[in-house]
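What follows is a single structure, written as structure tokens, with notes after it.
The values are calculated or read from the model by the stated rules, or taken from the named source; none is laboratory data. Since the structure is predicted, the reported quantities are computational estimates derived from the model, not experimental observations. As a convention, Cβ positions derive from the backbone with ideal geometry for all residues, glycine included, and neighbour counts pool all protein chains shown. Each accessible area value is taken on the protein alone, full model and side chains, heavy atoms only, with ligands, DNA and RNA left out. Shrake-Rupley method; radii C 1.70, N 1.55, O 1.52, S 1.80 Å.
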Amino acid sequence: QVQLVESGGGLVQPGGSLRLSCTASRNIFSINAMGWYRQAPGKQREWVAGISSGGNTNYADSMKGRFTISRDNAENTVYLQMNSLKPEDTAEYYCYAHFGLRFYWGQGTQVTISS
């Protein structure tokens, strides 16, 4: 099993930046892939970005060039650096881990972009 703990959400103005963190309860070398989804009120959950155990990264088109996913294996942590934030980025952001045959989820962290 994998427990995931997210942090780093908050309220920022448009154009600002935030860095989300997701710390896993086990060595992330053993996890196939990790990443982030988000869900805005009244909308379906949307995939944001992912990173494989080998470090390959992928992004949703609307996040390319603004968001960067990275990992620190020593800290068992995956980060999501979000720049040039827009009001439409407002959502609850969830970390996930694909481990074995299962997906595990964090509790979510709220990101609000507003002036």
Exercise for review: Would you mind calculating the relative contact order of segment 39-115 from Cα pairs under 8 angstrom and at least 6 residues apart, reporting the percent as a whole number?
Suggested key: 22
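Computing the accessible area with a 1.4 Å probe over protein heavy atoms, can you report the carbon and sulfur percentage for the chain?
46
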Check your understanding: Which net charge results for the neighbourhood of Tyr96, defined as the other residues with beta-carbon distances under 15 angstrom from its beta-carbon, given Lys and Arg at +1 and Asp and Glu at -1?
Key -> +2
Practice item. Count the net charge of all other residues whose Cβ sits under 15 Å from the Cβ of Cys22, scoring Lys and Arg as +1 and Asp and Glu as -1. Key: 0
**Study point:** Quarter of the Cα convex hull surface for segment 40-108, i.e. its orientation-mean projected area (nm²)
**Key:** 5.5
**Study point:** Square roots of five times the Cα gyration tensor eigenvalues for the chain, Å
**Key:** 23, 14, 13
Practice item. Using a Förster distance of 25 angstrom, determine the FRET efficiency expected from the C-beta separation of Glu75 and Gln1, and round it to 0.05. Key: 0.80
